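None of the figures in this text is laboratory data; all of them are computed from the coordinates on show. The structure presented is a predicted model; accordingly, all values stated were derived computationally and were not measured. Here the Cβ is made from the backbone with ideal geometry for all residues, glycine too, and neighbour counts use every protein chain on show.
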Ligand code: ARG
Ligand code: ZN
């Protein structure tokens with residue numbers, strides 16, 4: 001599939017670009033694979049036996065992919081061949097239409113710091129093959145449209161590797177004598193090689209079982225280090241809930257005798273859906289009240305669900321090529337969002353989804369790294385595991401759900417599974433199934449797959465007597481490589497709210513925007529009205545509508561759609577914080593929300609979300625040019641006003657909601673959230689009592705939510721309580737990776753003026769290990785999200801980031817490439833900062849020997 005080359009004038013090496021239009025079906029299929037691993041020693045020996053079959057009428061050779069393999073020998077039908085790899089490919093001429101190809105390679109997992117292929121983590125051996133890691137294990141056509149049945153034999157030292165896991169069902173454990181043992185796993189379901197996995201090491205299991213809807217009993221196991229076993233209970237409960245939910249919501253049943261999850265400390269991504277053997281970043285498995293926040297508990301459940309749901313959306317039906325990544329990821333994120341919403345607090349979940357989309361995906365879509373949810377070219381596919389593919393992809397599936405209705409959507413999903421079970425397919429196949437089942441034409445809707453950029457919807461309303469006419473027009477800005485954009489098909493929910501009654505008038509309307517402008521009318525109105533727009537965030541768009549601050553404050557108190565109500569407060573805050581105006585109207589609206597909470601008409605979880613100001617980064621995203629210092633100053637002034645004006649009421653909220661124990665009910669979680677928001681405002685107001693309350697909460701906390709909430713409230717102060725809590729936190733949780741990550745992040749996000757120096761110092765801390773992706777993200781990734789300090793006028797923040805990126809690139813290119821993203825936002829800043837950011841990107845691109853991953857990201861970011 002390698003196509004033309006993209007030459008960056010500054011780059012030492014050109015990038016090979018892979019293009020969607022060059023897709024060709026595989027020349028050879030591999031119906032069966034037998035793998036034999038000899039895992040002992042610093043060198044792992046891998047013997048692979050591939051049954052290969054010519055695919056179609058052609059005389060092309062078999063071309064296999066391999067990366068960093070030391071090849072011992074290759075045989076075709078039992079005869080040695082003189083096979084010399086050409087770079088990362090091995091070309092074998094085969095006379096007949098089928099053959100058995102056997103090879104033996106040597107690999108060194110302990111020396112593999114890229115964390116792709118087979119690698120070591122805390123002495124255990126684990127794999128990560130998606131997207132293109134399998135080629136670092138053995139010679140193979142490493143592409144998702146080659147599906148094979150696997151038989152995998154693992155042989156290893158008993159003491160070092162007591163547990164040996166792979167995909168499918170296990171055979172009996174063989175004793176090999178001399179302290180070694182072996183086991184053979186068989187996976188009956190044909191799969192692409194990116195879903196292959198093995199794990200070997202010292203692990204213990206939390207075991208349970210689940211009986212499927214057709215009455216099959218499945219053994220469940222979550223494997224962790226022995227000390228972590230007690231922290232896997234929440235993940236197990238989430239797994240069982242996910243299995244039941246997928247049966248009920250999508251009619252999908254699990255299909256093997258066992259399901260294994262393994263927690264790993266060193267992992268590039270969140271988790272991986274390998275068939276029957278999900279491998280997880282331990283951050284998304286381990287949780288207990290002492291070490292995990294409520295948000296962590298929710299993230300564990302969401303990721304467990306996500307990976308489990310991939311068994312159908314990704315594994316049983318997989319992707320034809322990597323341009324189709326959102327076919328499985330967007331869909332599976334939507335499914336995990338549906339699942340999470342069904343577990344309770346749907347409104348707050350939706351607000352959280354939107355907050356995340358706006359924090360990461362909207363900026364991506366508005367800058368040089370913008371790409372459609374189905375990209376049409378890439379140099380390194382690992383760079384496309386983005387918020388666009390995942391989160392905008394999920395919004396696109398949600399819009400289909402909205403357009404087709406729950407029943408039409410379900411019929412479409414059923415048809416998709418019926419038609420494509422066992423196949424490697426495309427986004428087009430998904431859309432075609434949705435179309436056939438619903439009899440709807442999705443021709444224009446397909447543009448969501450082709451076009452990058454966030455559409456803007458401009459809203460104008462005109463009142464004549466009892467009729468309100470609303471005109472909705474769509475605009476699409478140019479994005480890299482796409483200057484002219486045809487119009488989109490956008491489902492847009494809206495309603496009118498009476499300005500006198502405070503009640504919704506008539507039903508909510510779902511309007512399908514397809515032309516440049518759509519007009520709708522609301523009739524029979526007896527009072528002035530306000531518009532409630534994009535209710536439930538029905539489309540991933542930016543809405544431009546005029547509304548006075550008084551009207552926004554009114555909607556923040558009266559809108560009956562929880563998302564729109566929260567949104568009204570956000571819009572009010574953004575409006576106020578874009579100016580140096582007195583924040584009185586914003587403060588009053590916060591007061592009204594607090595009052596609604598006190599009166600019991602709003603729940604604590606919602607109040608906590610609504611009274612939080614937008615982040616400095618999000619405020620910056622609204623402006624033509626980000627004014628780093630002004631945004632910080634205005635936001636702090638508003639925070640201080642909200643804190644001091646309502647100091648008594650924050651105390652009341654704090655007393656009422658703190659001390660809610662360890663329960664994970666929506667009520668208890670909401671109470672902890674509001675208590676901690678109140679505490680942060682109290683510390684901002686500045687009384688000694690507030691600092692004392694935070695110190696007490698820190699010391700007495702029975703949950704990580706409360707302990708970290710107190711530490712976060714104190715982190716920006718210059719008090720002895722802050723220093724004590726910070727030191728205690730580190731000592732108390734020494735050795736717990738996930739918690740020590742929080743210690744780094746809290747300091748990296750601090751707004752205190754010494755933050756940059758602190759981060760510099762922390763880079764030298766003995767616990768800082770850039771080879772561990774979680775730790776790198778916890779310190780350097782978090783720092784880059786600290787708008788004020790990362791964008792220090794001196795450019796020191798940019799230098800710090802680029803220096804870390806270049807250092808990490810030598811260890812782990814995937815991890816390094818992600819650090820280029822914040823520099824890609826350079827166009828949003830003033831000329832001086834632009835120059836400093838560009839200079840760092842140029843330095844990266846001009847460095848000899850940078851990885852393909854980094855080179856692609858940095859050169860795109862510069863464009
Ligand atoms: N498929 C995995 C998931 O979303 C993520 C794999 C990440 N791979 C990567 N190269 N970053 O569940
Ligand atoms: Zn996924």
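Placing a pseudo-label 7 Å from each Cα along the Cα-to-Cβ vector at residue 520 and residue 16 gives an inter-label distance of 5.1 nm.
Per residue, the average separation of C-alpha pairs within less than 8 Å and at least 6 apart gives the stretch 322-450 a relative contact order of 32 percent.
When each of 826, 430 is scored by the number of other beta-carbon atoms lying within 10 Å, the sequence from fewest to most is 826, 430.
When the P(r) of the stretch 524-655 is calculated, the portion above 22 Å amounts to 38% of the C-alpha pairs. Residues of the stretch 213-227 with an amide N closer than 13 Å to a point placed 7 Å from the Cα of residue 247 along the Cα-to-Cβ direction: 213-219.
Ranked by the mean number of other Cβ atoms within 10 Å per residue, highest first, peptides 692-705, 143-156 order as 143-156, 692-705. Ordered by the number of other Cβ atoms lying within 10 Å of each residue's own Cβ, fewest first, 837, 625 fall into the sequence 625, 837.
Treating each Cα of the stretch 341-397 as one equal point scatterer and applying the Debye formula with no solvent, the log10 of I(q)/I(0) at q = 0.21, 0.28 Å⁻¹ comes out as -0.80, -1.16. Express in whole angstrom the spacing between the alpha-carbon centres of the stretch 412-443 and the stretch 150-172. Using only Cα atoms to place each centre, the spacing works out to 38 Å.
The fewest-to-most ranking of 494, 15 by surrounding Cβ atoms within 10 Å reads 15, 494. Ellipsoid fit via the Cα gyration tensor, the stretch 322-450: semi-axes of 23, 20, 13 Å, each the root of five times an eigenvalue, largest first.
Computed from the alpha carbon positions, the gyration tensor of the stretch 234-331 leads to an equivalent ellipsoid with semi-axes of 22, 16, 12 Å, biggest first. Its alpha carbons give the chain an Rg and a Dmax of 27.7, 92 Å.
For the chain, the mean residue ellipticity at 222 nm estimated from helices alone is -12000 deg cm²/dmol, where every DSSP H run of n ≥ 4 contributes -39500 (n - 2.57) and the total is divided by all residues, rounded to the nearest 500. Taking Cα atoms only, the orientation of helix 831-846 departs from the longest principal axis of the chain by about 10 degrees. Taking the 0 to 90 degree range and rounding to the nearest ten, how far is the long axis of helix 584-598 tilted relative to the main principal axis of the chain, both from C-alpha atoms? For helix 584-598, the angle is close to 80 degrees.
How many angstrom lie between the C-alpha centres of the stretch 711-745 and the stretch 503-546? Spelled out, the Cα-based centre of one part sits 47 Å from the other. Rg/Rh for the stretch 40-92 (Cα atoms only, Rh after Kirkwood) is 1.00. Its relative contact order, with pairs defined as Cα atoms under 8 Å and 6+ residues apart, puts the chain at 9 percent. Summary of the geometry: the stretch 243-318 and the stretch 62-126, compared by the centres of their Cα atoms, lie 30 Å apart. Helix 666-685 and the longest principal axis of the Cα set of the chain meet at an angle near 60°. For the stretch 331-403, averaging the sequence separation of C-alpha pairs within contact (under 8 Å, six or more residues apart) and dividing by the residue count gives a relative contact order of 43 percent. An ellipsoid equivalent to the stretch 602-721, defined through the eigenvalues of its Cα gyration tensor, has semi-axes of 25, 17, 13 Å when rounded to whole angstrom and sorted largest first.
On the basis of the beta-carbon distance and an R0 of 60 Å, residue 376 and residue 757 show a calculated FRET efficiency of 0.85. Binning the alpha carbon pair distances of the stretch 307-364 at 10 angstrom intervals from zero yields the distribution 22, 40, 33, 5, expressed in whole percent.
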